[in-house]
Amino acid sequence: GGIHLVLQVMVQEAVGAETDNAVARVQADLQQGGFPARSVLKPDPKKPELIQVQGTPADRAGDVRNLLDSRYGAQYTIASEPNNNWTLTMKQTEVQSIEQRAVRQSIDTIGTRNNNLGVTAPPIPAYHLAANQILVELPGLDVLHLAREVLQSPPPPELHRVGRVPAPPRP
């Protein structure tokens, strides 16, 4: 017996956390470079990969561009906008890298919790039925609330149950 769960890893939150950090770094870098911006923010919560810089000095646009390109050009596409504004869009390769790290970290965290609680389980694979899902097998646990205790022992990962997978047939 046991339980098989498919868990969704909330990768958008990982991307959002990365851009939250980048917002603070961009603001500090502009300030240190002598190019104070009116605001540096993420304009749309549904698009965590976007950063908008508003109101940089008009007479220093080339210097602002150089600073943004040199410090953020590897991870972001940088576009100038009207009124001395800039948009930084996280490159798709960077988004995918963050998402993969989030899934890997979730797998490692759940594996460690299983091992620490004495639940012997096979390695936790990515579940390829849908993006950013992992399959957790908890042999010997037949009650869902026990599985939840195993998975949510402090600190809990950010996971959402998306389905139950029937146990594979026994040979």
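Modelled label positions at Leu50 and Val6, each set 7 Å beyond Cα in the direction of Cβ, lie 3.1 nm from each other. Note on Arg25 and Arg65: the extension gain reaches 12.9 nm, defined as 0.36 nm multiplied by sequence separation minus the Cα-Cα distance. Paramagnetic label reach from Ser80 (point 7 Å along Cα→Cβ; backbone nitrogen cut-off under 20 Å): within segment 45-72, residues 51-72. Here the simple spin-label model places points 7 Å from the Cα toward Cβ, and for Gln92 and Ser39 these points are separated by 3.0 nm. The accessible surface of segment 1-56, taken with every protein chain in place and a 1.4 Å probe, is 49 percent carbon and sulfur. Would you please classify the overall shape of segment 36-92 from the alpha carbon gyration tensor, given that a ≥ b ≥ c denote the square roots of the eigenvalues, rounded means a/c under 1.5, and beyond that prolate means a/b larger than b/c while oblate covers the rest? Taking the square roots of the gyration eigenvalues as a ≥ b ≥ c, segment 36-92 is oblate.
Calculate, for segment 1-76, the solvent-accessible area per residue in square angstrom, rolling a 1.4 angstrom probe over the heavy atoms of the protein chains.
49 Å²
The values are calculated or read from the model by the stated rules, or taken from the named source; none is laboratory data. This is a predicted model, so every value here is computed, not measured. Backbone-built Cβ (ideal geometry, glycine too); neighbour counts: all protein chains shown. Surface areas here come from the heavy atoms of the whole protein model, side chains and all, with no ligands, DNA or RNA. Shrake-Rupley method; radii C 1.70, N 1.55, O 1.52, S 1.80 Å.
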